[in-house]
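Data first, discussion second: the structure below is written as structure tokens.
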Amino acid sequence: MPDLLNDRLLLTSLAAILALLVIAWIAARVQTARRNDTLAQGFADSTRSRLAYERPPAAGGFVAAFDPPPDPFVRLVVDYRSGATVDPIGLLVRALSGRRDRLIIRGLLPERPTAELVWAEGRIPGLALARRARASLWVQRRSDLIASEYAVRGADTAALEYVFVDLQARFGPLLNAVTVTGEREDVHVEIVLAGAGLRASEAPGLVATLRSLGRAARRR
């Protein structure tokens with residue numbers, strides 16, 4: 001009889017712990033969903049455009065296009081892939097899936113950029129090292145502000161580099177990569193950053209800097 005009681009007590013304890021874990025996971029996902037909705041609203045308030053959602057805000061993030069796209073872009077998309085929730089179940093999901101928190105903004109310009117720039121956190125930009133004819137036109141630069149190398153290409157990249165430095169000064173701790181090139185037909189400007197560290201109030205400033213980046217890339 002004592003063994004039976006002990007087994008029941010153990011099962012009851014395990015069931016209670018599991019229930020608490022599930023409740024904590026649900027609460028974390030609800031909180032994350034609310035935070036992501038607030039972040040999306042920050043982007044919506046950053047221009048006179050509205051956000052057309054391909055995937056509405058949820059715990060897993062959101063995907064939305066600005067409609068109409070703000071100048072100078074003909075298409076501007078925000079793709080937020082929210083990281084796993086910070087709770088035991090969420091951490092287990094992150095460990096098993098390798099899911100990372102990434103906010104990607106992609107912009108398409110009316111024409112190929114005349115000034116190009118590539119930067120990736122912690123390494124020399126791979127695009128500038130590619131074995132192709134135009135790769136030799138890239139010029140390696142180093143910024144003391146970010147203590148990192150980046151590469152530029154084009155006749156006049158001064159304006160683009162100025163905006164890039166401003167972007168780094170304002171959002172450097174969150175940035176993973178900045179790419180401004182004409183290598184792709186569907187995307188000319190792309191930035192990747194840790195969205196979890198971005199406040200909704202900072203979204204308008206990020207979009208404004210991104211628009212300046214696009215204008216500088218078209219400067220002749």
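In the set (1) surrounded by fewer than 13 Cβ atoms within 10 Å (Cβ to Cβ); (2) modelled with pLDDT under 70; (3) under 23 Å from R211 (Cβ atoms), the condition left unmet by L91 is number (3).
Residues that are among the hydrophobic types (A, V, I, L, M, F, W, C) and either within 15 Å of T32 (Cβ to Cβ) or in contact with a helix residue (DSSP H, G or I) (Cβ under 8 Å, 6 or more places away or on another chain) (or both) were ranked within region 44-65; the one that is modelled with the lowest pLDDT is A59. Determine whether F171 is closer than 23 Å to D101 by Cα and either assigned to a strand (DSSP E or B) or out of contact with any Phe, Trp or Tyr (no Cβ under 9 Å at 6 or more places or on another chain) (or both). The answer is yes for F171.
A search for C-beta distances below 8 Å between a residue of region 153-164 that is without any contact (Cβ under 8 Å) to a residue 60 or more places away in the chain and under 16 Å from G214 (Cβ atoms) and any residue that is hydroxyl-bearing (S, T, Y) and outside any helix (DSSP H, G or I), counting only pairs 6+ apart in sequence or on different chains, returns G154/T114; F164/Y150. Within region 148-167, is there a residue that is under 21 Å from the mean Cα position of the chain (by Cα) and at pLDDT below 85? Checked against the condition, which is being under 21 Å from the mean Cα position of the chain (by Cα) and at pLDDT below 85, region 148-167 yields at least one hit. Test each condition in (1) of a type in the set (D, E, K, R); (2) modelled with pLDDT under 95; (3) more than 17 Å from the chain's Cα centre (by Cα) for R215 and report the one that comes out false. Exception for R215: condition (2).
The values are calculated or read from the model by the stated rules, or taken from the named source; none is laboratory data. Just so it is clear, the structure is predicted and the values come from calculations on it, not from any experiment. Backbone-built Cβ (ideal geometry, glycine too); neighbour counts: all protein chains shown.
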